[in-house]
Every structure is written in C-alpha cells, then in structure tokens.
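Since the structure comes first, as structure tokens, the remarks are kept for the end.
No value in this document is a laboratory result; all are computed from the given coordinates. Since the structure is predicted, the reported quantities are computational estimates derived from the model, not experimental observations. FYI the Cβ positions are ideal-geometry reconstructions off the backbone, even for glycines, and counts take in every protein chain you see.
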C-alpha cells in the first residue's frame with residue numbers, strides 16, 4: 001500500500017481526480033450552462049440518443065403492456081363505464097342548457113313587452129305532413145288559454161298564428177303561407193309599408209313575400225320588417241324578417257320583396273303563444 | 001261450404017282478431033311515420049286501407065278506410081273528415097271490385113292504389129291550393145303532389161308485402177283442399 005501511495009501511478013490518478021474536481025468547480029461557475037466539452041458530447045450524441053431512446057421506450061412499452069395487461073384491461077373497463085356515465089350526464093346537461101337558453105329568450109320577450117300575456121313555452125310536436133307552407137302542431141291548446149288567431153313567436157321573431165286549437169294541441173299557420181297576411185313596416189325608416197303574404201315560390205326556400213310596396217320606397221336588402229299592429233291580430237313592432245331582394249311586382253305598378261324570416265321556420269323546436277296584448281282585436 | 005269444428009272456429013276467431021290487431025298496429029305505425037320529420041312523405045295510409053279492403057268485406061273496409069282517412073286528416077292538417085269520406089268511399093268500391101270482378105293479384109292492387117292515390121292527391125291539390133288561385137300554384141302540383149303520389153305508389157309495394165304476410169298466416173281459407181275434406185269426413189265418421 002505504501003508503495004502504491006508513493007508510486008507515480010497514484011500521483012497521476014490523484015492529479016486526474018483533482019482535474020475532475022477542477023472541472024466540476026468550473027462547471028459550477030458557469031451558472032447553469034454546460035461546459036464546452038459536455039455541450040459537444042451532447043450535440044454529437046443527440047441523434048443516437050434519440051433513436052435509442054425511442055427504441056427502448058417502445059420496447060419498455062411492449063413489455064409493460066404484456067406485464068400489466070390485466071391491470072390495463074380492468075382500468076379500460078372502468079374508464080369505459082365512467083365515459084358512459086359522463087356522456088349521459090353531458091347529454092342531460094346539454095338538454096338542460098338548451099332548455100334554459102330557450103327559456104331565457106322567452107323571458108326576454110316578456111321583459112321587452114310588458115303588455116304581452118304569454119303562454120308557457122310550447123314544444124313543436126311535428127310539422128303537418130307534406131304541407132308546402134310548413135304548418136306545424138304544438139303541444140299546448142285551449143287548456144293553456146290558447147285560442148285560435150293568437151300570434152305565435154320566438155324571441156327572434158314572428159312565426160305565425162294559431163288556426164286550430166284543441167284542448168292540448170294547436171295547429172300553427174306560418175308566415176310562409178299565402179293564407180296569412182300581415183301589415184309590415186321597415187323598422188329603420190318607419191315609413192315604407194307593405195303587406196307580408198307567403199307565396200308558393202318563396203315558401204320553397206323558407207322565405208315569405210312583401211308586396212304592395214310603393215315605387216318610391218327606400219328599402220334595401222338587410223332592412224328589418226316589423227309588424228305595424230294595425231290589424232289587431234299581431235302586436236306592434238314585432239320582428240318578422242329581413243329583406244333579401246327587392247323587385248317590381250308582376251303588374252309593374254308596385255314593388256315586392258323577398259323576406260327571410262328572423263327564425264328558420266323549417267327547423268323550429270319550441271315557440272311561445274301571445275295570448276293577449278294591448279291593442280288586440282277582440283273576437284266577435 | 002267449409003266444414004268447421006268447434007276447435008277450428010275458436011282458432012278462426014283468434015286468427016281474425018289477431019289479424020285485425022296487426023292491421024291496426026300497422027296503421028298506427030304509419031300514422032306516426034307520417035307525422036314525423038319535415039321531409040315529403042308518402043301517404044302510407046291510402047295503400048294500407050286499400051290493401052285491407054281488397055282482402056276483407058265491405059264493413060271492415062269502410063270502417064278501416066274512414067279511420068285511415070281521419071288519421072290522414074290529422075297528419076296532413078286537412079279538414080277533419082275530408083279524407084275519411086274519400087277513403088271510405090274508395091274502400092267500399094275497391095272491396096266490391098275485388099269481390100266481384102278482379103282477382104287478388106299484386107298488379108291489380110298496384111293499379112288500383114296508383115289510381116286511388118292519384119285521385120286523392122289531385123283532389124287535395126284542387127281543394128287546398130288550386131281553388132285559392134295562389135301565384136305559381138302549379139309548382140305545388142309539380143314539386144309536392146306528384147312526388148307524394150310517386151312515393152305513395154312506391155311504398156304500396158312494401159305495404160302489399162306486409163299485408164300479404166299477415167294474411168298468409170292469419171287469413172282463414174275460404175275452401176278446403178281435397179285432402180282436408182277427406183280428413184275431416186273421416187274424423188266425423190269415427
């Protein structure tokens with residue numbers, strides 16, 4: 001041992017250890033950056049390490065799968081059940097969310113028009129089979145104070161009017177029908193009047209028609225048409241639809257316009273019936 | 001003349017009741033189909049009423065025709081009773097035609113269904129649209145009435161098969177085969 005301690009070999013080894021300690025101390029002083037040697041090694045070996053790591057990871061993954069197959073299987077089954085529960089909760093949540101959003105919209109109608117007496121929200125039972133003008137039935141009737149000729153609306157705009165009312169079901173004629181005429185005025189100018197009356201051609205596209213417009217009207221596409229309320233059948237200032245295009249009538253003596261209803265009448269799920277409002281024409 | 005034993009009679013009653021239940025289940029399902037969705041649909045209840053009429057007596061046919069008609073009125077939003085009258089009338093006529101003049105064949109059924117459903121569609125177009133002189137009213141005939149008629153005729157093929165299937169198992173036979181007569185006679189003699 002004494003011989004070894006006195007040998008040159010020992011001195012060389014000691015010097016090397018000291019060199020290493022020196023490197024270590026130098027590395028400490030670099031404040032987080034690699035010393036150039038380490039950096040070179042890292043750079044040079046990077047691609048190899050990458051490939052080898054990938055291979056080993058894959059290998060470990062495979063081995064892990066084999067070793068823990070039962071565990072993963074059970075975990076998978078539990079997760080599937082959990083997903084099922086979460087999905088059903090999500091469906092319920094979405095349904096509730098939609099319902100709340102719709103109810104919120106209906107509340108806004110009441111807030112904006114205090115004189116309205118509204119029915120409870122009505123679900124659309126279904127569209128009348130093969131009707132070109134998209135009449136539909138709702139799940140409320142005379143038991144809910146709904147009478148014939150009550151306006152049917154959504155928060156977005158006017159939908160139509162009740163035409164046939166039974167105790168728990170009512171049929172609604174939409175604004176796409178030529179059998180329903182509504183006096184309308186442009187909301188921005190409050191001057192250009194016309195009659196909204198459905199037509200066969202426009203109903204195919206889900207639009208309705210504004211006719212009897214003056215030749216000097218100042219309407220332009222995008223203008224919103226609202227009810228005038230003069231007939232006593234519909235409340236005043238309720239949105240009907242926006243102008244899509246304007247053209248001359250077949251006679252050339254007046255103008256007509258294509259109106260896109262504020263709400264897609266072909267895809268309704270729930271509506272509300274205005275059972276009473278100020279200015280309503282009383283039935284004879 | 002068919003010879004019936006008490007047991008045979010019981011089976012006959014049971015089959016008849018079960019057959020009519022199945023007819024009305026089919027009518028109910030068709031009504032539900034007609035009231036669902038927003039697409040154009042065949043008036044399924046017309047071929048059903050006619051298929052029942054060609055296989056049954058006038059009383060059963062007229063009642064079924066009227067019920068189918070009422071259901072069409074509800075599904076299509078027509079005046080309650082309008083289609084009931086039309087269909088009840090045609091069911092009687094068809095039932096009589098098949099009893100007296102026509103054989104119960106697929107081709108005959110299809111021809112009769114095509115004719116009756118065309119008349120029904122045409123009358124519907126006339127009284128609900130044409131009469132009011134709407135602008136471009138002929139578009140309704142082209143785009144709705146004709147399509148509905150075609151769909152109805154196509155659907156009649158499937159309805160015929162379903163009714164045929166029900167009748168195959170549950171319709172009492174009108175005549176005995178020679179073997180059946182011999183067997184029945186032998187049983188009676190014993």
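Structural remarks
- Angle of helix B:178-189 to the longest C-alpha principal axis of chain B, folded into 0 to 90 degrees and rounded to 10: 50°.
- Rounded, prolate or oblate (a/c below 1.5 giving rounded, otherwise prolate when a/b exceeds b/c) for the protein assembly as shown by Cα gyration tensor: oblate
- For chain B: relative contact order, % (alpha-carbon pairs under 8 angstrom, 6 or more apart): 28 percent
- Rounded to the nearest 10 degrees, the inclination of helix A:36-67 to the longest alpha-carbon principal axis of chain A is 70 degrees.
- GNM result for chain B, Cα springs below 10 Å: residue of B:129, B:23, B:109 fluctuating most strongly: B:129
- Averaged over the residues of peptide B:68-77, the number of Cβ atoms from other protein chains lying within 10 Å of each residue's Cβ is 3.
- Under the shape rule built on the C-alpha gyration tensor, where the axes satisfy a ≥ b ≥ c, region B:63-165 is prolate, since a/c reaches at least 1.5 and a/b is greater than b/c.
- Percentage relative contact order, region A:83-147, counting C-alpha pairs under 8 Å, at least six apart: 20 percent
- Residue ranges B:131-137, A:17-23 sort as B:131-137, A:17-23 when ordered by packing (mean number of other C-beta atoms within 10 Å per residue, highest first).
- Difference of contour (0.36 nm per residue) and Cα-Cα distance, residue B:101 to residue B:29: 22.7 nm
- Estimated [θ] at 222 nm from DSSP helical runs (n ≥ 4, -39500 (n - 2.57)) normalised by residues in chain B, nearest 500: -25000 deg cm²/dmol
- Between residue A:99 and residue A:205, the modelled labels are 3.8 nm apart [label points 7 Å from Cα along Cα→Cβ].
- Only Cα pairs under 8 Å and 6+ residues apart enter the sum, and on that basis the relative contact order of region A:146-284 stands at 25 percent.
- Sorted peptide list for A:154-162, B:95-103, criterion being average Cβ within 10 angstrom, highest first: A:154-162, B:95-103
- Summarising the overall dimensions of region A:155-270 from its C-alpha atoms, the Rg and Dmax are 13.9, 48 angstrom.
- The angle between the Cα long axis of helix A:8-29 and the longest principal axis of the Cα atoms of chain A comes to about 20 degrees, rounded to the nearest 10.
- Considering only B:68, B:121, B:91, the Gaussian network model of chain B with Cα springs below 10 Å gives its largest mean-square fluctuation to B:121.
- Taken residue by residue and averaged, Cβ atoms of other chains lying within 10 Å of the Cβ of B:47-60 number 0.
- Cβ neighbours within 10 Å from other chains - mean over A:121-129: 5
- Judged by the mean number of other Cβ atoms found within 10 Å, the most tightly packed of the peptides A:248-258, A:2-12 leads the ranking A:248-258, A:2-12.
- Note on residue A:237 and residue B:15: with the Förster distance fixed at 60 Å, the Cβ-Cβ geometry gives a FRET efficiency of about 0.35.
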